[in-house]
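So the structure is just underneath, and the comments pick up after that.
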Amino acid sequence: MAGPIRMVNRQVTGSNSSWMQVLIWGSAHAINDGYPTLYLPLLPLLMLRWHFGVSQAGLLAGLLALTTQALQPFLGAWADRRGGPWFVVGGLLIGALGNALGLALSPAYWIFAIALMLGGLGNASFHPHMAALVSLRHKDHPGRNMSGWMVSGMLGHILAPLAVVALWKWGGAPSVAILAVPGLLAALALYPSAKTVPTPSRPEKRTKTKMNWKAWPAMWKRGGVFLGIVALRSMGSASLLTLLPIVWDHRGGSSAETGALLAVVYAGGMVGNLLGGSLSDALGPRLVLGGSLLGSGLAAALGGMATAGIGWPFWLAVGIWGFLVNGAGAVVIVYGQSLFPGNLGMASGLTMGLGSTMGAFGAWAVGAVAQWHGLSMAVDAAALCLILATVPVGWLRKPALQ
C-alpha cells in the first residue's frame, strides 16, 4: 500500500511568495465565501416572493451544507491526490454562477434551492485544497495562521450582505446577477498563482494510492466526539443565522438594514476568529473551544436576540454573538486536520463536512419550532445546542487537542 502522498511545490519563489499572491488568494477567498451568504439577508423577501415558511428557510441551510460541507471529504481527498489549480479556480467559477444567478433568475423556491446547492458544490471544491495549502505553507502557530486565512473569508461575509441588499433595493432580483462578475474576475486573477498549488509527487513506479480503511475505526474513536461537537455547533449557528433576518423583519426592522445587521455579526466574527486563533496557540484550543460555545449560547439566549426590540441592545447582542461563536473557527479546522495528518484536504473536508452538515439540517427542525411555538422559542432552542456542545469538550482526546 502506498504511503501518504508527499506534496511538492512547482514554484517556491517569485509570485508564490509575493504579496501580490497573498492579495489575490485573500480576495478570491473573500469573494468565494461571500456567495453562500447572499440569500440570508433576503430571506424575509424571498419567503414572500416564493411563499415558504421558516422551516423551509432552515432547510435551505441544510441543503447548502449538503454540497458546501458534506462533499468536502470526497473533494478534499480528490484534491490531495490530484492537486493543481482547477479545484480552486473552477470552484470559484461555479460558486459565482450558481449563487448569484440563482438568486437573480430563479422563479420558485425549489429551483433556487438547486442553484444554491450547485453554488455550494463550487464552494466545496475551493475550500479543502486552499485550507490544506495554508497549513502546509505555514506550520508555525497553526491557530493564528488559520485564523488569518479565515479572516479573508469573513471579509466576504461582511461585504456580501451589504452588496446584495443594495442591489436588490436598486434593481430588484435581476440586478443581483451583477454579483457573478467579481467571482469571474477573481478566478481569472487566481489562475496564474493557483498553478503553484502543490501537486502529488509522481514516483517512478506508478502506484495507486488507497485509503487505509483499517485505520478508520481508530480515527473515528478519536474523532467521533469532536464531530458531535461540530454538529451541535453548526446546528446552533446555522439556525441563528437563519432566524436573525426573520426575527428582525418580524419585529418591524427595515429590509434595507438587514444586510447591515448580518455585516455586524460577521464583523464581530472576524475579530473573534483572529483573537481565538491566537489564544488557542497560547492557552490551548480546549479552553477556547469551550468558551466560544458556552459564551455564544448564553449571548443568544440572554441577549437581545431572544427579547423584544430592535434597538441598540439587539445590535450589540448580535455583534457579541458573532464574536463568540466564531472564536473557535480556527480551532475546529486545525483539530480536524490533526485527525488526518497525511491527508489535510480530506481532514478539512471531514471536519467541516459530516458534522457541519448534520448540524445545518438541524436548522430545518429549529425552523419548525419557530412555526409551531414562535421565534423566541426557536432562538432559545438554537442557543441550547451551543450550550450543550460545551459538555463533551472535556472528552476530546490528546494528542490532537493539547
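Points to keep in mind about this one:
- Cross-chain or 6+ apart pairs with Cβ under 7 Å, segment 266-292 first and of a type in the set (D, E, K, R), then not in a loop (DSSP other than H, G, I, E, B): ASP281/GLY143; ASP281/ARG144; ARG286/VAL393
- Some residue of segment 353-361 being assigned to a helix (DSSP H, G or I) and at pLDDT 90 or above: yes
- Residue within segment 286-303 that is closer than 15 Å to LEU244 by Cβ, modelled with pLDDT under 80 and surrounded by fewer than 22 Cβ atoms within 10 Å (Cβ to Cβ) present: yes
- If you go through segment 7-42 and keep only what is over 11 Å from SER152 (Cα atoms), of a type in the set (A, V, I, L, M) and either in a loop (DSSP other than H, G, I, E, B) or at pLDDT 50 or above (or both), you end up with VAL12, MET20, LEU38, LEU40, LEU42.
- Pairing residues of segment 63-74 that are touching a residue at least 60 places away in the same chain (Cβ under 8 Å) and polar (S, T, N, Q) with residues that are buried (at least 23 other Cβ atoms within 10 Å of the Cβ) and outside any helix (DSSP H, G or I), at Cβ distances under 9 Å and at least 6 apart in sequence or on separate chains, gives GLN69/GLY353; GLN72/GLY353.
The values are calculated or read from the model by the stated rules, or taken from the named source; none is laboratory data. Since the structure is predicted, the reported quantities are computational estimates derived from the model, not experimental observations. Glycine gets a Cβ as well: all are built from the backbone with ideal geometry, and neighbour counts include every protein chain shown.
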